[in-house]
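Notes follow once the structure below has been shown.
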Amino acid sequence: MNSFWNGKRRFVALLMFLAGVFVALRVPPVIPFIQLPGENFPEGFDMPFVDIRWTNTMVGSVIVWIVLLLFVVYVSRRRPKDGNEVPPGGFYYLFEVLFEGLMGFVGGIAGGRHFRLIFNMFMTIFLVVLMANWMELVPGVDTIGFIHPHVKEKYDADKDEYKVVTTDGYEIYQGFLGISYVNGQCDWISPADEAAADAAALANAESAKLAVMDELAVKAAYARYKAEHNGHGDEVHEEDAGDDHGDDDHADIAVESDEASAAYDEVLAAREAEKQARRDRSCYTGVAPGPWQEGYEPYDKSKAKDISLHPDPSAEEAKRVPWVVLPFVRVPSTDLNMTLTLALIAFVMIQFIGFKALGIGYLTKFFNFSTLFKSPLGGIDVAVGLLELIGDFAKILSFSFRLLGNIFAGSILLFVMSFLVPILPWPFFILEFFVGVIQALVFALLTAIFMNLATISHHHDDDHDHAEAH
Amino acid sequence: MDPQSTIILGKAIGAGLAMIGAAGGGIGIGLSVGGAVQAMGRNPDHTATIQTNMILGVAFAEAVAIYALVVSLIILFVLN
């Protein structure tokens, strides 16, 4: 099996490279649209029971939890109950290696009395953050999703309702009926081509109308000629026919308003139907060129205060709304909600373990008035305690923004590289693989270190505790 | 120049200037890792302790750069 794949693997790589070239040449690369907060799902995708809209980062974190729970079930099923069973092997050993290694690692840092609690916290945070970070390497995450107008919701305090506005803040008629799904079977509409086809249809309609008018005029002339010459027999005079045509304006107008305009309308209606069919098949509903396309016009606030996107997507105003992809799943660590939640959990655990280890005396770390009147430098201790307090709250900020900043920047790097070098972005995927591990390790390790620091008393028994810890 | 473009221009320049603060974090991380690697080379037995302290120091140095990132993200995405 191994030798079989050793020979073929490079051909697989070559095939994938060729497929990449083909796709890069066929599909126009799309400039990434970058949005910091997690995108709301459109209407109709609300959560059950609670009045909360799904965001795609929430979907990502649910997937992370499901995968982790599956791992937990797997590992606890495969674990040998006594030493004499057959070794479980395979994937199970990966977890054993991970746990053994990290247990030694954390044991070197915080191997004291509270090792179990600290290690549980460390491992949980490590696995969650690792899974969340590695999601950006999964194909389809961040790239497959709804195609929707470049809009968001905005609360209108005057009317007490939510409005749909463009992400630049301009109002749009509420309604998300313009949503279509990406299924790989859509047309890219070129505005120039559409305009040319429109002009051609107009010309066709005009000529059809003229043809009908000519036909009718000839018929009318012939009928009048017959009526005039009925009494005189069958002599035909060329001059007569010419004169008839000359003073015949009145009849022409009457004919035009009737059947000729019907022919005109018919041609235009056919064109309209064709346009609608194209629009239904298009990658975005409505002929709205994005910023990357020819014919795109930036939004002008003064011109479009109250555009109605939904009733008539072909309206001039609506055409200027850009359209973007709203991914089904986004990396959860690129959402501040997820990282902030983890940071708050870490913060609470740090304070919890401090109180658990030192009792109420833990507070003297922050409010240290014991030396205020005893020592000449007692005031400094008070200031240091207050600084510690501020520093502890700053941990929330630095924890959450470190993870967010690194992973958000990493995923933007992947977008931009996939746009610039559509064929060979994989070195950056390797980079992001390691960044994901390092950030997960840093988050978990700092939690462990701070938890360990919180268990160590600040005062005279400082040295004693240190000796115990190591 | 129309007001929309002016706003975008100002945002971009402001965010770029804010990220200059990341240079300090970079220098700090470089110094601390350099020192830690030297220490580990001279004293390989204490690698674990040195590594832990290094990561702690790197995290504190990085926090400053993260504040710069926060400011520039706020300028880019929150300011209207």
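Numbers at a glance
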item	result
Between A and B, accessible area buried - total, square angstrom, nearest 100, 1.4 angstrom probe	1500
A:Ala197/A:Phe22 FRET efficiency (R0 30 Å; Cβ-Cβ; nearest 0.05)	0.55
Dipole of segment A:60-123, positive end: most advanced residue of A:His114, A:Tyr74, A:Leu94 [Cβ charges, Cα centre]	A:His114
Two-site label geometry, A:Lys374 and B:Leu79: point separation in nm, points 7 Å out along Cα→Cβ	5.1
Integer Hz, Karplus 6.51/-1.76/1.60 couplings in order for segment A:258-265, x for Gly and Pro	9, 7, 5, 5, 4, 5, 4, 4
Heavy-atom accessible area, 1.4 Å probe, ligands and nucleic acids excluded: residues of segment B:41-80 down by at least 30 Å² from chain alone	B:Thr52, B:Ile55, B:Leu56, B:Ala59, B:Glu62, B:Ile66, B:Tyr67, B:Leu69, B:Val70, B:Leu73, B:Phe77
Nearest-0.05 FRET efficiency for B:Ser5 and A:Thr364, computed from C-beta distance (R0 60 Å)	0.60
Gain on full stretching of the segment that runs from A:Glu274 to A:Leu14 - 0.36 nm per residue minus C-alpha separation	89.4 nm
Estimated inter-spin distance, A:Lys219 and A:Trp65, nm [label 7 Å along Cα→Cβ]	7.4
Fraction of accessible area attributable to carbon and sulfur, segment B:3-78 (%, probe 1.4 Å)	74
Near-label residues of segment A:373-391 by backbone N, under 17 Å of a point 7 Å along Cα→Cβ of A:Leu453	A:383-391
Label-to-label distance, nm, for residues given as A:Leu36 and A:Phe434 (7 Å Cα→Cβ offset)	2.9
Among B:Gly21, B:Gly41, B:Gly30, residue whose mean-square fluctuation peaks in a GNM of chain B (springs only between Cα atoms under 10 Å)	B:Gly41
Net lengthening on full extension, A:Leu94/A:Trp426 (0.36 nm per residue, minus Cα-Cα)	117.1 nm
Heavy-atom accessible area order for A:Ile380, A:Ile118, largest first, 1.4 Å probe	A:Ile380, A:Ile118
Amide proton proximity set for A:Gly145, modelled H, under 5 Å, gap of 5+	A:Val182, A:Phe328
Long-range amide H partners of A:Gly38 with built H, under 5 Å	A:Leu336
Stretchable slack from A:Asp82 to A:Asp258, in nm (0.36 nm times residue separation minus alpha-carbon distance)	53.8 nm
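The values are calculated or read from the model by the stated rules, or taken from the named source; none is laboratory data. From a predicted model like this one, the values you see are computed outputs, not experimental measurements. We place every Cβ from the backbone using ideal geometry, glycine too, and count neighbours over all the protein chains shown. Ligands, DNA and RNA are excluded from the accessible area calculation, which covers all protein heavy atoms including side chains. Shrake-Rupley method; radii C 1.70, N 1.55, O 1.52, S 1.80 Å.
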